[in-house]
């Protein structure tokens, strides 16, 4: 029997109103659910919530269809087939009727699936909350260091989520922010202290691994001691001049 994605009418209407890229993310999660894979966190609160709801509806409909199909194969009328001819009932009073045993497998399977869905849904919400916490920490750190005012948005969260999915940590983001703010803040490059530049796929790893750069016009190293600089000689030169 071919697998089918079932989308409720109200969800379908919402998908038509969404951008094609966002609607594609929802459909990807519906396909993952159909294959028995948990929906993927996309980093967008609305898309993640929509995916969770749509996937749950699809699973419930699939369970109902499967149960009705099983009942139909056992002699009952399949779902939606009201025209099926029923066999004539000519009971033979002399023939013993077999004892019927209630089938509890359907209820057991349904309860198991519902529990699994609830568990997966709870894990999805927990993971989403953890991502939101990481996003806030990273944006707050950028705003503090660069003097910017970035907030959660579809654009900024997209870059952060993509790098987190690649395995980078919050500390990696802070390292990139530290390096580039020391290098760019106060220069014409300060305009590029933004998520789309710092956290892009083409820049992030390069910035993370680049060596520290000294500020222009400075030969003094922070934390230097007399073993690095002869302060007595420096003082004598200043006094002399």
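What follows draws every value from the coordinates through simple rules; no lab data is involved. Please read all numbers here as calculations on a predicted model, not as lab measurements. With ideal geometry, Cβ positions are generated from the backbone for all residues, glycine too; neighbour counts draw on all protein chains shown.
Could you tell me which of rounded, prolate or oblate describes segment 149-217, using a ≥ b ≥ c as the square roots of the eigenvalues of the alpha-carbon gyration tensor, with rounded for a/c under 1.5 and, failing that, prolate when a/b is larger than b/c and oblate otherwise?
Details: a/c = 2.39, a/b = 1.44, b/c = 1.66.
Oblate, because a/c is 1.5 or more while a/b does not exceed b/c.
Computed over segment 1-74, the alpha-carbon pair-distance distribution with 10 angstrom bins reads 19, 49, 23, 8, 1, each value a whole percent.
Exposure proxy for 164, 138, 37, 5: other Cβ atoms within 10 Å of each Cβ, ordered fewest to most, give 37, 5, 164, 138. Spin-label model, residue 188 to residue 153: label points 7 Å out along the Cα-to-beta-carbon direction sit 2.4 nm apart.
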